[in-house]
Amino acid sequence: MIKQALKLGTMAVGALALTACDAMSSLGGDTGMDGMDIPEVAAGELSEETMVDITRTLSSDEFEGRMPGTKGEELTVALLTERFEAAGLQPGNGESWVQEVPLVEITGKNFAPLTITNGDTDLVYDFGSEWVGVTYREDEQTQLANSEMVFVGYGINAPERDWNDYEGVDVKGKTVVVLVNDPDYETTGLEGKFNGRAMTFYGRWTYKYEEAARQGAAGVLIVHDTEPASYGWNVVESSWSGPQAYPARGDNPPPLTTMNGWIQKEVARELLAAAGQDLDALTAAAKTEEFEAVELGMSASTSFENDIRTFQSQNVIGILPGSEAPDEYVIHTAHWDHLGRCKAADDGDDICNGAVDNATGTAALVALAEAHSKAGAPKRSLVFLAVTAEESGLLGAYYYASNPVFPLDQTVGGINMDAFQVAGPAKDVTVVGPGKSQLDAFMMAALEADGRTMTPNPKPEAGYYYRSDHFAFAKQGVPMLYIDGGEDLVEGGREAGAAVAADYTENRYHGPKDEFNEEWDWSGVMGDLQLFYRIGRMMAESSSWPNWNEGDEFKATRDESCASAETGC
């Protein structure tokens, strides 16, 4: 789970759970119900034993945290291949169970401090505790030397929204200081130039680094702030230190900075004060259309060495061919990878086992494959895709979406599974990005069949829809659902749900203590899995081709894809 300080958080969305349809109506959007062929399907025969066994195995120390390109990957791919075949699937890539994904691993070492020079005065910050940085360049030595610094607000250049934080300033060869999220994340509603409280892609760190590179910047320092980032500094430190995997860029790579990094908020406050600026005042200014970038009159320097390794990682793909429309595909995705070895806990444990994130989702692929096989092939084909390198930036999903084994214009839609909540049953599920596509109709029908409700994502400012593997498919126009565990627990209600989420975020997420626990209550997981089974089965038995709703940012891409397709959508 590249994304989150888990979704339940502390924000309540209402004292009472909404029904599925009422929740969709409350969003003010089209529910997508009109014209959808949604067949009734029986409940699936899902194995809790499969979920427990695979989660336990994948998150054992033997798998070493499932870092791509390690022994952990070899063991994971072998296990999934064996279990997919035993479940009754066929190899998904011709005669092969895998799709090769070319990656580069860069491991920084011997980090010099980040030194900010202001006239004759130097401010010096330690790697890890005060700043982190990586390079995307395949250079053995990274050197950022006396790079002039510019504060560029949220670092957004969005012509269609009449917004350009880089207007009037030349940042070539300079280091830009950037705020996390986007300008209107603090508003209460969902209306605004950047969708109000809901984060857009412009708020994501991936976009900010890409845009800075397009502008010619040498370095980027994102100011970490826990609320708009939706995770603490501990997540930044653990995720941005150690080996980092990137896609192989080929002969004509996109523009790249020299160094991309993060700084603690108080570090930003101190260095801006040294430049005669105030972080709070600049942040307020950056939220307005009148904002202009600020030259800081200081420079940044640091250096580090890099160990570089090129390797092939693997997506694992199985398929249950359809009985009537085998060339139409419903896809299920989950990422098998995690962080490998990371910053050690107090007891010396340095294996980030990733039991919840995302051994549970990977196990779900197998459990769903078993259930669908037992039920017999539906009309359309079902694809089960375990992707690599999600934690490094959705790399396996992006690679598949750019090099699809099954044509995207023949892919009906899909469901992504990332980190099941192991906290007992919930009355609801949390829907990330509700109101985006006509897949909501299938989801609501499945919720009704299971007697459950839905809660819209309580932290739209966190941009969770852009933080897991489904996003790679959505960018290519394929409608995708992303549904998380519920907030309203049967025992303890929303207060208990919030406490579970906070405990995981603070004590286990992206750390060595995300470990398997034999005492877990799997009943809630199995309820969520039944929902995913119903949705996938409904889509596979349907004759409809759901699209994104009017006004969604991905609809134009889907429409263009469908217009050029001779078959499929």
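The values are calculated or read from the model by the stated rules, or taken from the named source; none is laboratory data. Note that the structure is predicted; figures quoted are calculated from it, not measured. When we count neighbours, we look across all protein chains shown, and the Cβ atoms used for this are built from the backbone with ideal geometry, even at glycine. What goes into the accessible areas is simple: the full protein's heavy atoms, side chains included, and nothing from ligands, DNA or RNA. Shrake-Rupley method; radii C 1.70, N 1.55, O 1.52, S 1.80 Å.
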Query raised in the report: What residue, of Ala499, Ala445, Ala441, is modelled with pLDDT of 95 or more, open to solvent by 20 Å² or more (accessible area, probe 1.4 Å) and over 22 Å from the mean Cα position of the chain (by Cα)?
Result: Ala445
Report task. Taking the residues in the range 448-477 that are within 21 Å of Asn195 (Cβ to Cβ) and of a type in the set (A, V, I, L, M) as candidates, determine which candidate is surrounded by the most Cβ atoms within 10 Å (Cβ to Cβ). Result -> Ala462
Query - Residue under evaluation Tyr202, criteria (1) free of Cβ contacts under 8 Å to residues at least 40 places away in the same chain; (2) surrounded by 19 or more Cβ atoms within 10 Å (Cβ to Cβ); (3) not basic (Lys, Arg), criterion not met - result: (1)
Query raised in the report: Of the conditions (1) at pLDDT 95 or above; (2) out of contact with any helix residue (DSSP H, G or I) (no Cβ under 6 Å at 6 or more places or on another chain), Arg494 fails just one. Which one is it?
Result: (1)
Report task. Being open to solvent by less than 10 Å² (accessible area, probe 1.4 Å), touching a Leu at 6+ places or on another chain (Cβ under 9 Å), farther than 30 Å from Lys513 by Cβ and modelled with pLDDT of 90 or more narrows it down to one of Gly196, Gly219, so name that one. Result -> Gly219
**Report entry** Residue that is farthest from Asp126 (Cα to Cα), among those in the range 304-332 that are part of a strand (DSSP E or B), of a type in the set (Gly, Ala, Ser) and out of contact with any Ser or Thr (no Cβ under 6 Å at 6 or more places or on another chain)
**Finding:** Ala325
Query raised in the report: Yes or no: Ala540 closer than 30 Å to Gly322 by Cα and either open to solvent by less than 10 Å² (accessible area, probe 1.4 Å) or more than 21 Å from the chain's Cα centre (by Cα) (or both)?
Result: yes
Query raised in the report: So Ile116 clears everything in (1) open to solvent by 50 Å² or more (accessible area, probe 1.4 Å); (2) touching a residue at least 60 places away in the same chain (Cβ under 8 Å) except one condition, right? Which one?
Result: (1)
Query raised in the report: Any chance the range 226-248 includes a residue that's open to solvent by 10 Å² or more (accessible area, probe 1.4 Å), in a loop (DSSP other than H, G, I, E, B) and without any contact (Cβ under 8 Å) to a residue 60 or more places away in the chain?
Result: no
Query raised in the report: Are there any pairs with C-beta distances below 8 angstrom linking a residue in the range 521-547 that is under 13 Å from Glu328 (Cα atoms) and without any contact (Cβ under 8 Å) to a residue 40 or more places away in the chain to a residue that is among the β-branched types (Val, Ile, Thr) and surrounded by fewer than 19 Cβ atoms within 10 Å (Cβ to Cβ), with the two at least 6 apart or on different chains, and if so which?
Result: none
Requested in this report: Can you give me the number of residues within the range 486-496 that are buried (at least 21 other Cβ atoms within 10 Å of the Cβ) and aliphatic (A, V, I, L, M)?
Outcome: 1
Query raised in the report: Do we find that Glu370 is of a type outside the set (Phe, Trp, Tyr), modelled with pLDDT under 95 and either part of a helix (DSSP H, G or I) or in contact with a Ser or Thr (Cβ under 8 Å, 6 or more places away or on another chain) (or both) in this structure?
Result: no
Report summary line: Scanning the range 374-403 residue by residue, those out of contact with any strand residue (DSSP E or B) (no Cβ under 6 Å at 6 or more places or on another chain), open to solvent by 10 Å² or more (accessible area, probe 1.4 Å) and either part of a helix (DSSP H, G or I) or free of Cβ contacts under 8 Å to residues at least 40 places away in the same chain (or both) turn out to be Lys374, Ala375, Tyr398, Ser402
Query raised in the report: Out of the range 512-537, which residues are in contact with a Cys (Cβ under 8 Å, 6 or more places away or on another chain) and open to solvent by 10 Å² or more (accessible area, probe 1.4 Å)?
Result: Pro512
Report summary line: Matching residues in the range 530-569 (of a type in the set (A, V, I, L, M, F, W, C), in a helix (DSSP H, G or I) and at pLDDT below 95) number 3
Report summary line: Among residues of the range 489-529 being touching a strand residue (DSSP E or B) at 6+ places or on another chain (Cβ under 7 Å) and assigned to a helix (DSSP H, G or I), the residue nearest to Asp337 (Cα to Cα) is Asp528
